[in-house]
Structures are given as C-alpha cells and as structure tokens.
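Heads up: the structure comes next, in structure tokens.
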Amino acid sequence: MRGIILSGGSATRLRPCTQVTSKQLLPVYNRPMIYYPLNTLLKAGIKEILIIVSPERAGDYLNLLGSGKEFGCKFTYEIQDHPRGLADAFIIGENFIDKENVCMILGDNIFEDDLNEDIKNFKSGGKVFAKKVPDPERFGVVKFDENMKAVKIEEKPKKFLSDYALTGLYIYDSRVIEAAKQVKPSERGELEITDLHNWYLEKGELEVAMVEGEWIDAGTFDSLLRAQNFAKEKMQGKMVI
C-alpha cells in the first residue's frame with residue numbers, strides 16, 4: 001500500500017493566514033495540521049508516502065518533513081502546478097503508485113476513528129468513508145438505498161440528495177490511474193474525485209464504510225477552531241508523531 005497526502009491548493013477561505021504559508025502547515029493545537037493525516041497513514045503501516053504540494057510552498061514542506069527518515073518512512077514530493085481537482089492527484093502520482101494499492105488522505109482532514117484495519121485489509125476495488133453532517137452541500141454526497149448500499153454519489157449537490165458526506169480518505173487499487181485519466185473537467189474546471197467513486201460504483205466495486213467518531217475538514221476558520229479544541233482534548237494520546 002502506498003500513501004498520498006494531497007496538500008496543494010490556495011486555501012482562500014483561510015486568508016490572511018494562508019498568505020504566508022500553506023493551510024496544511026497551520027498549527028492545530030501543538031502540531032502542524034499535516035501531522036494528523038500523516039499520523040493516519042503511519043499508524044496503518046504505510047511507509048512510502050507521496051506529498052503533493054503547490055509550487056510556492058514546496059520549500060516549507062521540505063523544511064518541516066524532510067526525507068521522512070525522522071518518521072520511519074520515505075517521502076516523495078510532487079508539485080501540483082494548479083489546483084485541478086482531487087482526481088488529479090492520481091495522475092500526478094502515476095509513477096509513484098505503479099501497480100500498488102493506494103490510500104489518499106487530504107492534508108486538512110482529521111479523523112478520530114482508528115482506520116488501520118480498513119486500510120490494512122483492503123484488497124481491490126475502491127473504499128471510501130461517509131459521515132452524517134449538517135452541511136452536506138459542502139461535500140461529495142452519497143445516497144444509500146434501504147439496505148444502506150450506495151446507489152448514487154454527487155459532488156456538492158444543489159438539491160438535497162442525502163446528509164452523508166464523503167470524507168477525505170480514499171483507498172483504491174492501481175486502476176484508479178486509468179480511471180483518473182478518463183475524468184473530464186467539471187463545471188468548476190476540476191477533475192472531481194466523485195467521478196472516480198462512480199467509476200468503481202458502476203462496476204459494483206466500491207465499498208462505503210461509516211465514520212463513527214469525529215471527522216473535521218479544517219478548511220474554514222470555524223472548522224479550524226473546532227479542530228484545535230478537538231486535537232487538544234481527544235487526539236494527544238492517539239498520535240505516533
């Protein structure tokens with residue numbers, strides 16, 4: 001299993017803080033934000049990790065994280081010249097992924113749940129994680145049938161589809177590279193990861209698991225504040241870095 005942390009983007013919602021550094025390098029209590037998704041991958045035993053960054057912040061990541069030796073793993077870095085969408089990460093990471101399974105986590109996502117077994121036991125297809133939220137319009141949303149089987153996934157739906165958002169942790173087999181190359185830009189001009197979910201869903205190969213504990217997408221000032229308090233109260237004993 002290879003790991004990817006997607007840490008690009010301009011984070012305009014967190015300006016002026018992100019005018020001087022990347023969102024994922026902002027402090028969340030006593031650690032940089034990126035330590036939390038990195039912790040998720042390391043606890044699952046992933047030792048080879050690709051970190052995708054924006055060009056203007058690449059040096060900041062190198063200064064903080066280095067080669068990965070300090071963390072008992074190996075880091076590879078790639079530049080995402082423009083924020084072309086989450087699915088673009090698998091095209092950027094094609095050579096890194098090679099023929100291995102891959103677990104991608106967004107650099108601003110913090111999970112309370114221990115997802116080690118979900119990651120370690122993955123064999124093939126795709127696996128994503130859903131959480132019931134009060135503001136599903138901000139996310140990719142999954143609709144379930146009466147047996148809680150995923151039947152439809154839509155990115156930031158304009159009309160209510162469901163209140164189950166897909167979180168920023170995605171596990172796929174290496175066919176995700178092929179699928180990503182087939183994705184066409186959306187109306188937002190991005191390669192939506194929802195199209196990858198649907199690629200696997202249409203083949204009957206997508207599993208949607210539930211996140212039971214806290215999940216924070218720390219992309220706004222309110223969610224960043226919530227992340228600060230949560231990290232202080234709940235995450236200190238769960239960190240390996």
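The values are calculated or read from the model by the stated rules, or taken from the named source; none is laboratory data. Just so it is clear, the model here is predicted, and its values are computed rather than measured. All Cβ positions, glycine included, derive from the backbone under ideal geometry; neighbour counts span all protein chains shown. For the accessible areas, the whole protein counts, side chains as well, though only heavy atoms, and no ligand, DNA or RNA atoms are used. Shrake-Rupley method; radii C 1.70, N 1.55, O 1.52, S 1.80 Å.
Rounded to the nearest 20 debye, what is the charge dipole size of segment 88-204 about its Cα centre when +1 sits on each Lys and Arg Cβ and -1 on each Asp and Glu Cβ?
Numbers: 18 positive and 24 negative charges, 74 e Å.
With only Lys, Arg, Asp and Glu charged at Cβ, the dipole is about 360 debye.
Decide, for segment 122-209, between rounded, prolate and oblate: order the square roots of the alpha carbon gyration tensor eigenvalues as a ≥ b ≥ c, take rounded if a/c falls under 1.5, and otherwise choose prolate if a/b is larger than b/c, else oblate. It is oblate, given that a/c is not under 1.5 and a/b is not larger than b/c.
Taking a ≥ b ≥ c as the square roots of the Cα gyration tensor eigenvalues, with a/c under 1.5 meaning rounded and otherwise prolate when a/b beats b/c, else oblate, which class fits segment 1-140? In terms of gyration-tensor shape, rounded. Cross-link reach is defined here as a Cα-Cα straight distance under 17 Å, omitting same-chain residues fewer than 8 places apart; for LYS156 the aspartates and glutamates meeting it are ASP135, GLU137, GLU187, GLU190, GLU192, ASP195, ASP217. Give the residues of segment 16-41 whose amide nitrogen is closer than 17 Å to a point set 7 Å from the Cα of ASP114 in the direction of its Cβ. Label zone hits: 39-41.
The solvent-accessible area of ILE153, taken with every protein chain present and a 1.4 Å probe, is close to 10 Å².
With the cut-off at 1.5 for a/c, could you classify the chain from its C-alpha gyration tensor as rounded, prolate or oblate? Let's see the in-between values first.
Details: a/c = 1.33, a/b = 1.21, b/c = 1.09.
Taking the square roots of the gyration eigenvalues as a ≥ b ≥ c, the chain is rounded.
So which of LYS43/LYS238; LYS123/LYS203; LYS132/LYS184 end up more than 20 Å apart by C-alpha? Correct reply: LYS132/LYS184.
Over 31 Å between Cα atoms, which of LYS69/LYS149; LYS131/LYS232; LYS69/LYS120 qualify? Pairs exceeding the cut-off: LYS69/LYS149. When a 1.4 Å probe is rolled over the protein heavy atoms, the share of accessible surface on segment 1-100 that falls to carbon and sulfur comes to 47 percent.
With a Förster radius of 22 Å applied to the C-beta separation of LEU62 and ILE91, the computed FRET efficiency comes to 0.45. Ligands, DNA and RNA left out, the 1.4 Å accessible surface of segment 136-192 is 49% carbon and sulfur atoms. Protein heavy-atom accessible surface, 1.4 Å probe, per residue over the chain: 48 Å².
All other residues whose Cβ lies under 12 angstrom from that of TYR36 are scored, Lys and Arg at +1 and Asp and Glu at -1, for a net of 0.
Over the chain, what is the relative contact order in whole percent, taking alpha-carbon pairs under 8 Å and six or more residues apart? Each step should come with its number before you reach the end.
Working: 441 pairs, mean separation 60.3, N = 241.
After rounding, I find 25 percent.
When the helix-only estimate is applied to the chain (DSSP H runs of n ≥ 4, each -39,500 (n - 2.57), divided by the residue count), what is the mean residue ellipticity at 222 nm, nearest 500 deg cm²/dmol? Calculated from helices alone, the mean residue ellipticity at 222 nm is -6000 deg cm²/dmol.
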